[in-house]
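Written below as structure tokens is the structure these notes are about.
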Amino acid sequence: MNQFPVIGNELQVGGRSVTELVRQAGKTPLYIYDRALMRSRVEQLRAALPERIHLHYAMKANPMPAVVQHMSTLTDGLDVASLGELQVALDTGTPARDISFAGPGKMDAELEAAVAAGVIINMESIGEAHRIAGIARELGKAARVAIRVNPDFELKGSGMKMGGGAKPFGIDAEQVPQVLAELVTLEQMDFQGFHIFWGSQNLNPESVIEAQQKTFALARTLAEHAPGPLSWLNIGGGLGIPYFPGDKALELDAIGANLAELLEQYPEFQQTEIVLELGRYLVGEAGVYVCEIIDKKTSRGETFLIANGGMHHHLSVSGNFGQVIRKNYPVCIGNRVEADEMETVSVVGPLCTPLDILASKMSLPSAGPGDLLVVFQSGAYGYTASPHLFLGHPPPHQILV
Ligand SMILES: *Cc1c(COP(=O)(O)O)cnc(C)c1O
């Protein structure tokens, strides 16, 4: 992938060759994240979007503390989804008012920590609202709350749908007026606004634009039932990154222009903080997974490279993290990016299961034991979205360069 330069036929990450970074880390497999790429991604996004849109980093995409620390300096806030993430977020020094907490099953200990810290809690049900009110009363501290809305529209086209229809996330849009009426009867509940999250991993600007238009329209309707003007409106995220042949990088210009128009069309939100929350779009392309080839063999005419890393470290490259049909991620041989001699090979991991596939029947420079397989687009939903314990190998290493 062209965001990583090649010098002397070696892939460079953060200005250093992968071979050198592997030596520095002391072992393979490892994830390498490039801080400069994260910075330039945020800068590109800010250039395309109206200044008024605040960017939050949804840290479940990559919660490595050093990455979250770095992202906290680039973005306007952090979104967390558990007590563990909340603690990492607070450790960065991000003010509590710029942290929000979503998730359908927040436990009492998590709600208590969130109220004590003073972060915005995106409430996912009326039951959760009552539990928060009870905790706030007990702590003698007002809870900053927003309603996570399960929208009455669905994302068009591809991508991961996380709103519309029956969903475990948020409160159905049509129930929101009633919940707001109930909320004003509860003490110590400081209502901030709405969180309207419709989906993720979208590569079609028209779908994103349409979803954002519907989000603003829904926010207007619901705001009529709110106790006062909204101080906060989280319009979700949803921007995707290309993974597979034929995927095209998302064009931002039309999305930014549409958001600028929406800000004008909805003067009632002039004083409202408007937040776009993104995970994978900010960090996904800034990371690679590197493992080492340890064996090479042929079986009935097919060549297999066997690597020391696989699906237990990187579930999604194996096609088992939400994909319907497995497609190859972009990969390369990091220490020999180009070669005269190419070979069609399948690269598999060390696990004793046919699911452990890194690359299926791909044409790669002829490689063997000691060479480094690099998987691109691995900065999000890699390390922490994988079943490390499966088969008892050690976890991979992670570095931020
Ligand atoms: C997972 C999630 C995100 C991040 O999604 P990406 O596809 O990584 O951008 C944002 N907001 C909420 C509520 C989420 O659950």
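Select from region 64-77 the residues that are more than 14 Å from the ligand (Cβ to nearest atom) and small (Gly, Ala, Ser) and write down the one among them that is surrounded by the most Cβ atoms within 10 Å (Cβ to Cβ).
Filtering region 64-77 for residues more than 14 Å from the ligand (Cβ to nearest atom) gives 64-66, 69-70, 72-74, 76.
So of that shortlist, the ones also small (Gly, Ala, Ser) come out as 66, 72.
Details: Ala66: 13, Ser72: 21.
Filtering first and then ranking leaves Ser72.
Does Glu51 satisfy the condition of being closer than 30 Å to Ala117 by Cα and in contact (Cβ under 8 Å) with a residue 24 or more places away in the chain?
On the way: closer than 30 Å to Ala117 by Cα: yes; in contact (Cβ under 8 Å) with a residue 24 or more places away in the chain: no.
For Glu51, the condition - closer than 30 Å to Ala117 by Cα and in contact (Cβ under 8 Å) with a residue 24 or more places away in the chain - is not met.
Condition (residue is surrounded by 15 or more Cβ atoms within 10 Å (Cβ to Cβ) and within 16 Å of the ligand (Cβ to nearest atom)) applied to region 355-378: is it met by at least one residue? Within region 355-378 (the criterion being surrounded by 15 or more Cβ atoms within 10 Å (Cβ to Cβ) and within 16 Å of the ligand (Cβ to nearest atom)), the answer is yes, since at least one residue qualifies.
Taken as a whole, the structure leaves Gly118 outside the set of residues that are surrounded by fewer than 18 Cβ atoms within 10 Å (Cβ to Cβ), under 20 Å from Ala217 (Cα atoms) and within 24 Å of the chain's Cα centre (by Cα). Of the set (1) out of contact with any Pro (no Cβ under 7 Å at 6 or more places or on another chain); (2) surrounded by fewer than 18 Cβ atoms within 10 Å (Cβ to Cβ); (3) assigned to a loop (DSSP other than H, G, I, E, B), all apply to His225 but (1).
Annotation note: Cβ proximity below 7 Å between a residue of region 255-280 that is in contact (Cβ under 8 Å) with a residue 60 or more places away in the chain and among the aliphatic types (A, V, I, L, M) and a residue that is assigned to a loop (DSSP other than H, G, I, E, B) and more than 16 Å from the ligand (Cβ to nearest atom) (sequence gap 6+ or interchain) occurs for Leu259/Pro50; Ala260/Pro50; Leu263/Pro50; Leu263/Arg52; Ile274/Arg52.
As a summary of the residue check, Leu139 satisfies the conditions (1) of a type in the set (A, V, I, L, M, F, W, C); (2) surrounded by 15 or more Cβ atoms within 10 Å (Cβ to Cβ); (3) over 15 Å from Gly236 (Cα atoms) except for the one numbered (2). When region 122-141 is filtered for residues that are acidic (Asp, Glu) and either out of contact with any strand residue (DSSP E or B) (no Cβ under 7 Å at 6 or more places or on another chain) or at pLDDT below 95 (or both), the ones remaining, listed by number, are Glu128, Glu138. Annotation note: of Thr28, Thr19, Thr92, the sole residue that is more than 13 Å from the ligand (Cβ to nearest atom), touching a Pro at 6+ places or on another chain (Cβ under 9 Å) and closer than 18 Å to Phe376 by Cα is Thr28. Here's a check for you: in region 157-203, which residue that is surrounded by fewer than 18 Cβ atoms within 10 Å (Cβ to Cβ) and among the polar types (S, T, N, Q) is nearest to the ligand (Cβ to nearest atom)? My answer is Ser158. Out of all the residues in region 330-341, is one or more modelled with pLDDT of 95 or more, outside any strand (DSSP E or B), under 30 Å from Arg39 (Cβ atoms) and more than 30 Å from the chain's Cα centre (by Cα)? The answer is yes, given that some residue of region 330-341 is modelled with pLDDT of 95 or more, outside any strand (DSSP E or B), under 30 Å from Arg39 (Cβ atoms) and more than 30 Å from the chain's Cα centre (by Cα).
Matching residues to (1) more than 27 Å from Phe321 (Cβ to Cβ); (2) at pLDDT below 95; (3) surrounded by 14 or more Cβ atoms within 10 Å (Cβ to Cβ):
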{"site": "Gln24", "(1), (2), (3)": "yes, no, no"}
{"site": "His56", "(1), (2), (3)": "no, no, yes"}
{"site": "Asn62", "(1), (2), (3)": "no, no, yes"}
{"site": "Val80", "(1), (2), (3)": "no, no, yes"}
{"site": "Arg97", "(1), (2), (3)": "yes, no, yes"}
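Per the listing Val80, Val115, Val42, the residue uniquely out of contact with any Phe, Trp or Tyr (no Cβ under 7 Å at 6 or more places or on another chain), touching a residue at least 24 places away in the same chain (Cβ under 8 Å) and within 16 Å of the ligand (Cβ to nearest atom) is Val42. Just wondering, is there one or more residues in region 148-156 that are more than 12 Å from the ligand (Cβ to nearest atom) and more than 15 Å from Thr215 (Cβ to Cβ)? Within region 148-156, none of the residues are more than 12 Å from the ligand (Cβ to nearest atom) and more than 15 Å from Thr215 (Cβ to Cβ). For region 54-71, the count of residues that are over 22 Å from Ile274 (Cβ atoms) and among the charged types (D, E, K, R) is zero.
Inspect all residues belonging to region 122-135 and state whether any of them is within 29 Å of Tyr243 (Cα to Cα) and either of a type in the set (Gly, Ala, Ser) or under 19 Å from the mean Cα position of the chain (by Cα) (or both).
Going residue by residue through region 122-135, those that are within 29 Å of Tyr243 (Cα to Cα) are none.
Checking region 122-135: not a single residue is within 29 Å of Tyr243 (Cα to Cα) and either of a type in the set (Gly, Ala, Ser) or under 19 Å from the mean Cα position of the chain (by Cα) (or both).
Among the candidates Gly287, Gly238, the residue that is within 16 Å of the ligand (Cβ to nearest atom), at pLDDT below 95 and buried (at least 18 other Cβ atoms within 10 Å of the Cβ) is uniquely Gly238.
So that you can scan it fast, the table gives a plain yes or no per residue for (1) more than 27 Å from Thr215 (Cα to Cα); (2) at pLDDT below 95; (3) away from the ligand (no atom under 14 Å from the Cβ):
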site	(1), (2), (3)
Pro242	no, no, no
Ala254	no, no, yes
Glu268	no, no, yes
Gln271	no, no, yes
Ser299	yes, no, yes
His314	yes, no, yes
Val324	yes, yes, yes
Asn328	yes, no, yes
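The values are calculated or read from the model by the stated rules, or taken from the named source; none is laboratory data. If you're wondering where the values come from, they're calculated on a predicted model, not measured in any experiment. Here Cβ is always computed from backbone atoms with ideal geometry, including for glycine, and neighbour counts include all displayed protein chains.
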